[in-house]
Every structure is written in structure tokens, then in C-alpha cells.
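In what follows, a structure is listed as C-alpha cells, so that the remarks can point back to it.
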Amino acid sequence: MTSPLSHGFLDGDGRTWLDSAHQGKLPLAAADAAHEAIDWKLSPHQLSQARFLDVPDRLRSTLARLVRGAPDDIALANSASYGLHAIANAYPWVEGDEVLVMTGDFPSDILPWLVLEDRYGVRVRRIVPADRVVAPDELAAAITPRTRVFCTTWVHSFSGYAVDLDALGQICRERGVFFVANGSQAVGARPIDVGATPIDALVSVGFKWLCGPYGTGFAWIRPELRERLWQTKAYWLAQLTQADLARDDLDITLRRGPHDLDIFGTANFNQFVPWTVSVEHLLDVGIDRIRDHDDQLVTELVERLPEAGMDVLVAPAPSARSTLVYFSHPDRSRNAGLHASLAEAGIHVSSRGGGLRASPHLYNGSADIDRLVEHLRSASPGT
Ligand SMILES: Cc1ncc(COP(=O)(O)O)c(C=O)c1O
């Protein structure tokens, strides 16, 4: 692994993990925290009221620091899909409203809105991009007076192309459209300041670039959008505490609160305790530093994969590149075999859409790129 930022991650398992776009590695400190959370459950007297309150509070404020937003604007989730569904199900739709999505986007960005078609007569229109992601002029041309929401990924899972969040968001602002961005393939690998970016919601999984356990995610929702949403659920732990249950005059009335959109089980200590430590670890290293490090590895991949005869399929403009580097053997039918042979050698990349995808993160170093390139070179000689 040998990266200056790899300290705090498991090394020495003989594996080269270049697949953070699928699953990020859990920091060792987060694994310790997970063990501690299991201990609480082994001896449940440790599951104090204070811990029930602290688990969601600490995660919420850590995620707020990550996106430079306010803690009350963060909804805790178990996925990216959760936040997208929460918004789709709570928006005050009127028949004939439109949602714009992109053909070929990750399914999580399309499915939550399709559910609305039969229920509310909402029309989901798919922009077919000329390239791999929606360009600002394509969005501008697609918006109509009925468009309420535009939803797409910040970094496209199936090409690694990054959209221009500022340009797309600016168009949405000018046209009165809410911009819901899925940052699952970017948050943790690059910084974001939600106050300075023209987006209305940012959802993300926690288990890729944020190095958390599976079954984690969040949604940041700008108050202007949140205040428009119907209350679709009323979870007692978002309004009361366990201590309230001890009262003999418990008054159950419907209230609205900033955390109404949280997933149920907000003190989910098994997942949220280690995830909080993962995000704290990334923040301690520094997201700007991680971005610079990851970008350096992307540059090395782009320069060196052709040495192994591979076609590199990243966006031509460096500003549209991400930490997802797609490549292919010139004979695409060879990719499946290469993927299997890499895995057998302990080098892990993804196989997606007929191509191969390497996605390096802070725990990777140049030695990992060397290993990938050398194996590809020896596995496909003469290309
Ligand atoms: C952009 C994007 N969104 C979402 C997901 C999956 O998250 P969820 O299961 O929460 O939809 C992935 C990958 O697994 C992804 O690449």
C-alpha cells in the first residue's frame, strides 16, 4: 500500500485494493469503535441514555463539518437511496410536475422518482447526454415551466465523469428548479462546501469514499427545500427521548422537528459509531490533502495504463475527471478475463459496463499502481 496517508488502515493482507468506488476500507480506529459498540450490546447496561443521544449527535455534527453545513440540515440515513426517497416522497407534487434525470445514470437516481408517476401523475423525463454526463446547455434546454427537480450524480458511476455542479446548479437556481445531487462517488474524495455550491440536496452513501461500514449514508437538505416538504413520518426518537418514556404524563402530539427525515433507529450504534470515527479520520487527514493525493494517483493511472496496452477512458478535460478511472483492453472481450486474473493475483478493480474501473483512495500509493500496471502488462503481452 505504502501511501503517506495510509497510516491507520490495515496493511499486509497481501491485497491491492483499488476498488473504493465499490467499498472503501474501514480505518482501524473505526474497527476498534465497532468492537466497542458490540461490547455495549454484550453488556447492555452500557447502552445509556447519554449514548443514545450522543451517537446521532456526534455523527450529525461530523457530517456537517464534512460538507461545511449546519447539523440540523443533515438527515442520517442508511444509503443514498434513503435520502432520495425521503425527498421524492415528501415533495408537494402536483399532477403534471416534471423531474429531470439522466439516461444511464446510477439506478438510485432514477427509481425514487418513477414511483411518483402513477401516484401523483409526475412525469420523469430522461435527458440523453451527448457525452457521458449532462452538460449545462443540455440541462438548460430540457427544463420546462413544469420542471420541479433535477437529480443526477456528481460523479457518474459508469464512466467516472464528473458533472459541473456549479454550472448545473446555477441553471437550476435561475429557472426555479431544485437540484438534488448524489455525491456517493465523490464525497470523501473531494471537498464540498454546501453553502457555496448551488445545490439543494446532497445525498451520499457512507461506505465508499467515506470509509464507513455498509448500510450508512446521509442527506444534506437545504432548509428552503426541507421546509417545502410534507411531513411523511413522525418517529418518536426524533421528537422524544427514552427519558420521556419514564414520565406518567407523556403527551403524544404531532410535532415537526429538524430531524424528522432521519432514518428510524438513529442511535444505530453498530454502524454509526464506527462510521463517525471513519469520517473523523478523513477530516483529521484533511479532505483537501486526500483530494490532492487521490488526484496524483489518478494522474499516474492515466499515464501508465497505456504502458500495459490499455485504452484509458477518462474524461478529456481534467476538471471532469474523478477518482474513478475506467480503462479497457483494446479487445473489450478480454476485460472479463483480465478482471478475473487481477483478482486472483490479489489486485482488486471493478468490472462495469464491459470495462474495468480502478478507484484509488488515501490508503493507496504508487506501488499499487505499479502492481496493477505490471500485472496487466504480463497478462496481456503484446498489446
Ligand atoms: C452514485 C451511486 N449512488 C448510489 C449507490 C448505491 O447506494 P444506494 O444503495 O444507497 O442507492 C452507488 C453504488 O453502489 C453509486 O455509485
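If you scan the stretch 322-368, which residues turn out to be surrounded by fewer than 17 Cβ atoms within 10 Å (Cβ to Cβ) and assigned to a strand (DSSP E or B)?
Listed by number, the list holds a single entry, S351.
Show the residue pairs meeting these rules: Cβ distance below 9 Å; 6+ apart or different chains; first residue within the stretch 108-122 and over 15 Å from V94 (Cα atoms); second residue away from the ligand (no atom under 14 Å from the Cβ) and assigned to a helix (DSSP H, G or I).
Matching pairs, first to second residue: P112/N89.
Condition first: of a type outside the set (D, E) and either at pLDDT 95 or above or surrounded by fewer than 17 Cβ atoms within 10 Å (Cβ to Cβ) (or both). Now tell me which residues in the stretch 1-13 satisfy that.
T2, P4, H7, G8, F9, L10, G12
For the stretch 197-224, which positions are of a type outside the set (S, T, Y), closer than 21 Å to S61 by Cβ and not in a loop (DSSP other than H, G, I, E, B)?
A201, L202, V203, V205, G217, F218, A219, W220, I221, P223, listed by residue number.
Condition first: part of a helix (DSSP H, G or I) and either surrounded by 14 or more Cβ atoms within 10 Å (Cβ to Cβ) or of a type in the set (V, I, T) (or both). Now tell me which residues in the stretch 37-56 satisfy that. First the steps, then the outcome.
Just the residues of the stretch 37-56 that are part of a helix (DSSP H, G or I), to begin with: 37-42, 44-46, 49-56.
A37, I38, W40, R51, F52, L53, D54, V55, P56, listed by residue number.
Have a look at A50, A70 and point out the one that is modelled with pLDDT under 95 and over 30 Å from Y326 (Cα atoms).
Sole residue among the options that is modelled with pLDDT under 95 and over 30 Å from Y326 (Cα atoms): A50.
For the stretch 119-196, please list each of the strands (runs of 3 or more DSSP E) lying entirely inside it that holds at least 1 residues being under 15 Å from the mean Cα position of the chain (by Cα) and of a type in the set (G, A, S).
It comes to 178-182.
If you go through the stretch 14-25 one residue at a time, do you hit one that is touching a Phe, Trp or Tyr at 6+ places or on another chain (Cβ under 9 Å), crowded, with 16+ Cβ neighbours inside 10 Å and part of a strand (DSSP E or B)?
Looking through the stretch 14-25, at least one residue is touching a Phe, Trp or Tyr at 6+ places or on another chain (Cβ under 9 Å), crowded, with 16+ Cβ neighbours inside 10 Å and part of a strand (DSSP E or B).
Can you find even one residue in the stretch 105-115 that is more than 15 Å from the ligand (Cβ to nearest atom), part of a loop (DSSP other than H, G, I, E, B) and not hydrophobic (A, V, I, L, M, F, W, C)?
No: zero hits.
The values are calculated or read from the model by the stated rules, or taken from the named source; none is laboratory data. Just so you know, these numbers come straight off a predicted model, no measurement behind them. A quick note on method: Cβ atoms are made from the backbone with ideal geometry, for glycine too, and the neighbour counts reach across all protein chains shown.
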